[in-house]
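Engineer: Let me give you the structure first, and then I'll get to my questions.
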Amino acid sequence: MYKIKTFNQISVKGLERFSREKYEVGSDIGHPDAILLRSHKLHNESLPESVLAVARAGAGVNNVPVDDYSKKGIVVFNTPGANANAVKELVLAGLLLGSRGIKSGIDHVKTLHDVHDAGELHKMLEGQKKQFAGNELMGKTLGIVGLGAIGSLVADMALALGMNVVGYDPALSIEAAWRLSSDVQKAENLASLLARCDYVSLHVPAIEATKHLINDDALAQTKPGMTLVNFARESIVDPSAIVRGLDAGILKSYICDFPEPNFYGRSDVIAMPHIGASTAEAEENCAVMAADQIKDFLENGNIKNSVNFPAVSVARCEGQRIIFSNHNVPKVLGSVLSVLADNNVNVIDMMNKSRGDLAYNILDVEQMKNGNVIKEIQKVEHVISVRLIN
């Protein structure tokens, strides 16, 4: 029986994916085979040696020490796209808040609690409404930085609203390119996108290459009066540069999911409490996807949506399945195959893939008679972990 340890409150729909016949699931599980979590930080957690995989029900994995886990052969999963629609809808809200005087108008109405005559109130607001006039989105240009699962949905939404859409993504995958509408114009670089857009929405991951992607230098290339929307990650922008951009009139407003102390009291900043994926539907989708990925890995050794290992999937066949990870150096696979040959183990099917410094292998073999084969494979130089699935 497999054991799954959970952190945070995981959607019941996700937990229901684990059958009671094969899985024991709970927050107090000892010696788990896998960990399923949302936002709980694992950096200071003592990880049991039994853990084979960690799945984060969400896109970002900054709460997981991925590099440390990679050295131990632990596969880290995330759930890209499961919360895409929730974020897309909040981006729409952000664009509307940044174009119309919605929030300032609502805040103003709240100050009129001393006016008790409805007729007087209506007359007063009719005369004051001009100060909350805004602009329509139709015909304006939206720049999208990052055209993955969320960015492509935002592009479709903006096109449906009658906006012009410009996209920039130096790491655009083939799969993402297929999803993207042909009406999205391509920007050669970030500077050219910033220079031509009335609105810009950020949808890139929080990695070293994107840290403070929007800084003073980037804002110097920006079309004056632009509205910047960030529902991706706080580290993508330099908060101090944002304030300077607002003060200088380079930015009209900044709409984000990540409040900062230096944003307090600013009417040109609308900061939400990181609610981009906080919908019941998104939490369910993320939990279901994470659970299914853990199941397929534990039961079949297949990997999908890992942030540290390559995607590998092989249909099951008769016999047994050996899976092992290793440092991505020459001769490791050959050495493992030699171990199998020396023990008269016939290979039925196999797949080997690598990602950066790591390699991952699935070997389907005929029933083995020697029970020491797995131990011999573990002794091969540069093999990190090995497992037998019957």
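Engineer: Give me the percent of DSSP beta bridges within the chain that run antiparallel, rounded to the nearest 5.
Structural biologist: Antiparallel bridges make up about 40 percent of those DSSP assigns within the chain.
Engineer: Please report, as a whole percent, how much of the solvent-accessible surface of the chain comes from carbon and sulfur atoms (probe radius 1.4 Å).
Structural biologist: 50 percent
Engineer: For segment 1-61, compute the orientation-averaged projected area of the C-alpha convex hull (one quarter of its surface), in nm².
Structural biologist: Quarter of the Cα hull surface area: 4.2 nm².
Engineer: So with the 1.4 Å probe, I'd like the accessible area per residue for the chain, rounded to whole Å².
Structural biologist: With the other protein chains kept in place, the chain gives 51 Å² per residue.
Engineer: Give the Cα extents of segment 132-201 along the principal axes, in whole Å, largest first.
Structural biologist: Computed over segment 132-201, the largest-to-smallest principal extents equal 43, 25, 17 Å.
Engineer: Please sort 297-310, 137-150, 166-179 by packing, taking for each peptide the average over its residues of neighbouring beta carbons within 10 angstrom, highest first.
Structural biologist: 137-150, 297-310, 166-179
Engineer: Okay, moving on. Taking segment 1-155, how much of its Cα-Cα pair set, in percent, is spaced more than 22 angstrom apart?
Structural biologist: Counting pairs separated by more than 22 Å, the tail of P(r) holds 61 percent.
Engineer: In the calculated pair distance distribution of segment 330-390, what percentage of Cα-Cα distances lie above 20 Å?
Structural biologist: Every Cα pair in segment 330-390 considered, those over 20 Å come to 19 percent.
Engineer: Ok, one more. What span do the alpha-carbon atoms of the chain cover on each of the three principal axes, reported in whole Å from largest to smallest?
Structural biologist: On the principal axes, the chain reaches 90, 46, 35 Å in Cα extent.
Engineer: Just grab the label-to-label distance for LYS123 and SER267, each label 7 Å out from Cα along the Cβ direction, in nm (one decimal).
Structural biologist: With each label placed 7 Å out from Cα toward Cβ, I get 2.6 nm.
Engineer: Let me have the 222 nm mean residue ellipticity of the chain computed from DSSP H runs of 4+ only, each contributing -39500 (n - 2.57), with the sum over all residues rounded to the nearest 500.
Structural biologist: Calculated mean residue ellipticity at 222 nm is -9000 deg cm²/dmol.
Engineer: Tell me which of VAL91, ILE106, TYR360 sits at the most positive position along the dipole axis of the chain, charges placed on C-beta atoms (Lys, Arg +1; Asp, Glu -1).
Structural biologist: Positive-end residue among those listed: TYR360.
Engineer: I need the calculated FRET efficiency for the pair GLU89 and SER240, taking r as the beta carbon distance and R₀ as 22 Å, to the nearest 0.05.
Structural biologist: After rounding, the FRET efficiency stands at 0.15.
Engineer: Just in segment 324-358: which trypsin sites (Lys or Arg not before Pro) are loop by DSSP and have at most 14 other Cβ atoms within 10 Å?
Structural biologist: LYS331
Engineer: Averaging sequence separations of C-alpha pairs under 8 Å and six or more residues apart, then dividing by the length of segment 162-281, give the relative contact order as a whole percent.
Structural biologist: It rounds to 19 percent for segment 162-281.
Engineer: Return the FRET efficiency for the residue pair HIS212, ASP68: r is the Cβ-Cβ distance, R0 is 22 Å, and the value is rounded to the nearest 0.05.
Structural biologist: So, using R0 = 22 Å, E works out to roughly 0.35.
Engineer: Here is a follow-up. Peptides 276-282, 86-92: what's the order by average Cβ count within 10 Å, highest mean first?
Structural biologist: Going from most to least packed, we get 86-92, 276-282.
Engineer: Given an 8 Å cut-off on Cα distances and at least 6 residues of separation, report the relative contact order of the chain as a percent.
Structural biologist: Result for the chain is 15 percent.
Engineer: Work out from phi, with θ = phi - 60° and the Karplus expression 6.51 cos²θ - 1.76 cosθ + 1.60, the ³J(HN,Hα) of each residue of segment 119-130, listed in order in whole Hz, and give x for Gly and Pro.
Structural biologist: Residue by residue, segment 119-130 yields x, 5, 4, 5, 5, 4, 5, 4, x, 9, 5, 4 Hz.
Engineer: Can you tell me what the convex hull of the Cα atoms of segment 283-387 projects to on average, as an area in nm²?
Structural biologist: The number I arrive at for segment 283-387 is 6.8 nm².
Engineer: Can you compute the modelled spin-label distance between ASN135 and GLU376, with each label point 7 Å from Cα toward Cβ, in nm?
Structural biologist: A separation of 7.2 nm, rounded to one decimal place.
Engineer: Further, regarding this structure: Restricting to Cα pairs below 8 Å that are 6+ residues apart, what does the relative contact order work out to for segment 1-126? Please round to a whole percent.
Structural biologist: It rounds to 17 percent for segment 1-126.
Engineer: Also: What shape does segment 172-251 take by its C-alpha gyration tensor, where a ≥ b ≥ c are the square roots of the eigenvalues and a/c under 1.5 counts as rounded, a/b above b/c as prolate, and the rest as oblate?
Structural biologist: It is oblate, given that a/c is not under 1.5 and a/b is not larger than b/c.
Engineer: If I take R0 = 30 Å and measure r between the Cβ atoms of LEU47 and ILE174 in this structure, what FRET efficiency does the formula 1/(1 + (r/R0)^6) give, to the nearest 0.05?
Structural biologist: 0.30
Engineer: Name the residues whose placed amide hydrogens come within less than 5 Å of the amide hydrogen of PHE231, ignoring near sequence neighbours (fewer than 5 apart) on the same chain.
Structural biologist: LEU202
Engineer: List, largest first, the extents of the alpha carbons of segment 73-180 along their principal axes, each in whole Å.
Structural biologist: 67, 37, 18
The values are calculated or read from the model by the stated rules, or taken from the named source; none is laboratory data. Note that the structure is a prediction, hence the values are computed from the model and not measured. Cβ atoms come from the backbone with ideal geometry, glycine included; neighbour counts cover every protein chain shown. Keep in mind that these areas ignore ligands, DNA and RNA; they rest on the heavy atoms of the full protein, side chains included. Shrake-Rupley method; radii C 1.70, N 1.55, O 1.52, S 1.80 Å.
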